[in-house]
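**Student:** Following this message is one structure expressed as structure tokens.
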Amino acid sequence: MIDITRRQALLLAASLPFAGAATRARAASQKITVALDWTVNTNHVGLFVARDKGFYRDAGLEVEILPYGDTGSGTLVASGNADFGISGSLGLFTQKSAGADLKAVYAVVQSETGRVVFNADRTAIQSPKNLDGLTYGGFGSAWENALLQTIIRHDGGKGDFSTVTLGTSAYDALANGAVDFTLEVSTWEGVEAELKGLKQRSFRYADYGVPDEHTTLIVSSNAYLVANPKAAAAFVQATRRGYEFAVDHAQEAGELLIAANKDTLTNPALIDASLKALNDGHFLKSANGAIGTMDKAKMEAMGGYLFASGILLDGNGKALKDKPALGAYFTNEFLG
């Protein structure tokens with residue numbers, strides 16, 4: 001149906017003045033692909049707004065948002081199979097340290113959205129040291145142990161706890177009491193839990209010795225950025241327009257996101273509440289007005305923390321002996 005409509009539009013345009021020039025302009029649009037880091041959620045809202053409001057088209061771009069698949073976004077970008085990708089901060093630092101050609105160009109969120117979470121009726125848990133001896137529902141990465149040990153020890157605990165690797169099943173396990181605590185994204189799983197009527201309490205990482213971070217980033221490769229600097233700048237700046245729109249017109253942005261992903265996003269209340277949480281918490285746009293910009297000190301602090309924790313490995317799987325030049329991991333130059 002889409003192809004038929006397109007052909008009809010081209011036939012109509014051919015009968016109008018300057019149709020040839022318009023067709024050539026469309027043909028000249030540079031194609032860009034963007035890989036997602038997970039199934040579609042509100043972290044991705046700016047991409048869909050920029051595409052469907054025509055911000056990319058206005059910038060001379062034809063942007064394809066690739067569906068989430070088995071191959072991670074960072075791998076797709078580093079291998080040249082995607083031009084840009086959504087990536088977690090942890091993914092950027094660990095993959096680039098291991099030799100992947102990656103560079104962050106946009107901060108989707110301005111501060112950490114993750115939380116250590118547990119059921120509100122666990123009155124014995126008053127601070128992180130009370131997590132000692134309990135069972136953590138985890139996701140299988142070395143980062144989690146380092147993170148939780150830092151938080152517990154910063155509060156005076158030993159950092160000793162049991163781990164059961166459950167993946168996303170950890171949220172159900174927490175709800176039914178099979179595990180004592182887990183990690184969640186406050187602006188997504190946290191919002192979803194609240195909508196379900198689940199009562200939770202949480203600890204914020206940065207309150208207990210872990211550097212604050214831009215949890216979610218947009219990355220590209222040095223190879224692409226060097227070969228396509230104008231297209232990269234056009235993409236990053238049009239993307240920022242998309243996220244700015246989501247801040248200023250959250251309801252319409254949410255409707256656009258849902259309309260573009262009807263089969264995946266079947267709970268409009270979750271989208272509305274998540275966008276509200278992102279905006280009320282100054283995640284998409286900081287309290288001082290920053291949007292898209294990566295804070296140099298924040299990026300380097302997190303990279304330094306991961307290095308000191310032994311999380312950054314080289315291409316042979318061995319911990320880096322020397323702290324890498326973290327300034328090479330990110331750039332704000334394409335924001336204009």
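The values are calculated or read from the model by the stated rules, or taken from the named source; none is laboratory data. If you're wondering where the values come from, they're calculated on a predicted model, not measured in any experiment. Note that each Cβ is placed from the backbone with ideal geometry, even for glycine, and that neighbours are counted across all protein chains shown. Calculation scope for accessible area: heavy atoms of the full protein, side chains included, ligands and nucleic acids excluded. Shrake-Rupley method; radii C 1.70, N 1.55, O 1.52, S 1.80 Å.
**Student:** Among the residues of the range 271-292, is any over 17 Å from the mean Cα position of the chain (by Cα), at pLDDT 95 or above and on the phi > 0 side of the Ramachandran plot?
**Tutor:** yes
**Student:** Pick from 269, 297, 290: which is over 25 Å from residue 143 (Cα atoms) and in a helix (DSSP H, G or I)?
**Tutor:** Values: 297 fails: over 25 Å from residue 143 (Cα atoms); 290 fails: in a helix (DSSP H, G or I).
Matching residue, one of 269, 297, 290: 269.
Condition check ((1) more than 21 Å from residue 90 (Cα to Cα); (2) open to solvent by 40 Å² or more (accessible area, probe 1.4 Å); (3) in a helix (DSSP H, G or I); (4) without any contact (Cβ under 8 Å) to a residue 60 or more places away in the chain) across all residues:
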residue: 133; (1), (2), (3), (4): yes, yes, no, yes
residue: 145; (1), (2), (3), (4): no, yes, yes, yes
residue: 148; (1), (2), (3), (4): no, no, yes, yes
residue: 152; (1), (2), (3), (4): no, no, yes, yes
residue: 158; (1), (2), (3), (4): yes, yes, no, yes
residue: 178; (1), (2), (3), (4): yes, yes, no, yes
residue: 182; (1), (2), (3), (4): no, no, no, no
residue: 191; (1), (2), (3), (4): yes, no, yes, no
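**Student:** Between 168, 163, which is touching a helix residue (DSSP H, G or I) at 6+ places or on another chain (Cβ under 8 Å), surrounded by fewer than 19 Cβ atoms within 10 Å (Cβ to Cβ) and without any contact (Cβ under 8 Å) to a residue 40 or more places away in the chain?
**Tutor:** 163
**Student:** Still on this structure, I have one more. From the residues in the range 308-336 that are in a loop (DSSP other than H, G, I, E, B) and surrounded by fewer than 11 Cβ atoms within 10 Å (Cβ to Cβ), which one is nearest to the chain's Cα centre (by Cα)?
**Tutor:** Looking at residues that are in a loop (DSSP other than H, G, I, E, B) and surrounded by fewer than 11 Cβ atoms within 10 Å (Cβ to Cβ), I get 336.
Table: residues versus (1) in a helix (DSSP H, G or I); (2) free of Cβ contacts under 8 Å to residues at least 40 places away in the same chain; (3) of a type in the set (A, V, I, L, M).
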site: 217; (1), (2), (3): no, no, yes
site: 234; (1), (2), (3): yes, no, yes
site: 241; (1), (2), (3): yes, no, no
site: 306; (1), (2), (3): yes, no, yes
